[in-house]
Amino acid sequence: MFDFGLKDLIDIFLVAIFLFFGYKLMKKSRSVNIFYGVLVFISIWILVSKILCFFIAHKHPLTLWCNDW
C-alpha cells in the first residue's frame, strides 16, 4: 500500500534533527514564547477562516472556494 524506503527514513530523521535543534536554539535564546504566540495566531486564523467558510458556503451554495482544505 505505502512505499516506505530508505529515502523516507532519512527524510524523517533529518526533519526530526532540524526540529530538535531549532527548538533547542529557541529555548536557549528564550524566543520560544514568540514561537508559541505565532502558533496560537495561526491556529486562530485557520479556525476563523474555517468558520467563515462554513457560513459563506451555507449562505451561498455555489461558492466552492472554501472547500480547498
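The values are calculated or read from the model by the stated rules, or taken from the named source; none is laboratory data. Bear in mind that the values here come from a model prediction, so they are computed numbers and not experimental data. We place every Cβ from the backbone using ideal geometry, glycine too, and count neighbours over all the protein chains shown. Just so you know, the surface numbers come from the protein's heavy atoms only, side chains and all, with ligands and any DNA or RNA stripped out. Shrake-Rupley method; radii C 1.70, N 1.55, O 1.52, S 1.80 Å.
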Tally of residues being in a helix (DSSP H, G or I), touching a helix residue (DSSP H, G or I) at 6+ places or on another chain (Cβ under 9 Å) and open to solvent by less than 100 Å² (accessible area, probe 1.4 Å) across segment 24-57: 9
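Out of the residues in segment 1-23 meeting the condition of being surrounded by 10 or more Cβ atoms within 10 Å (Cβ to Cβ) and among the small types (Gly, Ala, Ser), tell me which one is nearest to Tyr36 (Cα to Cα). I'd like the intermediate steps shown before the answer.
Here is the first cut: in segment 1-23, the ones surrounded by 10 or more Cβ atoms within 10 Å (Cβ to Cβ) are 8-23.
Pick out the ones that are also among the small types (Gly, Ala, Ser) and you get 16, 22.
Working: Ala16: 19, Gly22: 13 Å.
Among them, the one singled out is Gly22.
Please enumerate the residues belonging to segment 1-23 that are assigned to a helix (DSSP H, G or I) and among the aromatic types (Phe, Trp, Tyr).
We begin by selecting, within segment 1-23, every residue assigned to a helix (DSSP H, G or I); these are 6-23.
Hits for segment 1-23 are Phe13, Phe18, Phe20, Phe21, Tyr23.
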